[in-house]
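The values are calculated or read from the model by the stated rules, or taken from the named source; none is laboratory data. For clarity, every value in this text was computed on a predicted model and none was experimentally measured. Glycine also receives a Cβ, built like all others from the backbone with ideal geometry; neighbour counts cover every protein chain displayed. The area values use the complete protein model at the heavy-atom level, side chains included, leaving out ligands, DNA and RNA. Shrake-Rupley method; radii C 1.70, N 1.55, O 1.52, S 1.80 Å.
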Amino acid sequence: MLGRFTVRPSDDGSNRFGVWDGAVNGWRATGIEGEAQARELAFDLDVQYDAHGPRAADAVRRIDPSQPVERATWSTGELEGWIRHNGQWLGKFRDKNGELSWVPGGDLRPL
């Protein structure tokens with residue numbers, strides 16, 4: 001399940017955020033200062049885990065440093081890594097505003 005980890009406001013009234021693990025129906029992290037930091041953690045956890053546990057080593061390809069790419073929507077950004085999900089490779093894409101998304105491999109090309 002891609003998107004196993006979601007960002008939610010913390011339930012302690014602190015105006016902080018947490019990362020919810022949908023597979024175990026519980027918090028993975030709490031007390032995170034900003035929503036952007038929590039989203040970053042959620043994406044990193046999605047790289048590491050699928051619905052059943054840790055992703056197989058051959059289902060993850062990290063890119064360091066990240067590589068400039070262009071999306072099929074004519075936007076540019078950085079490719080930070082790959083995961084194989086349901087038989088399809090998805091790129092961890094960060095746009096110029098810092099927003100993260102999963103993009104099918106066929107929709108990306110190097111600049």
Counting each DSSP H run of 4 or more residues in the chain as -39500 (n - 2.57), what helix-only mean residue ellipticity at 222 nm follows after dividing by all residues, to the nearest 500 deg cm²/dmol?
-4000 deg cm²/dmol
With a 1.4 Å probe and all protein chains left in place, how much accessible area per residue does the chain have, in Å²?
60 Å²
Can you give the charge dipole size of the chain about its Cα centre, rounded to the nearest 20 debye, using +1 on the beta carbon of Lys and Arg and -1 on the beta carbon of Asp and Glu?
260 debye
Give me the extension gain from Asn97 to Ala72: residue separation times 0.36 nm, minus the current Cα-Cα distance, reported in nm with one decimal.
7.3 nm
Given 16 as the ceiling on other Cβ atoms within 10 Å, longest exposed-site-free region of the chain for GluC sites (Glu not before Pro) in DSSP loops
34-98
Kirkwood Rh in Å, taken over all unlike Cα pairs in the range 6-100:
14.5 Å
Ignoring ligands, DNA and RNA, what percent of the 1.4 Å accessible area of the chain is carbon and sulfur?
47 percent
Mind listing the phi-derived Karplus ³J(HN,Hα) values for the range 51-58, rounded to whole Hz, using 6.51, -1.76 and 1.60 with θ = phi - 60°, and x for any glycine or proline?
5, 9, x, x, 5, 5, 4, 7
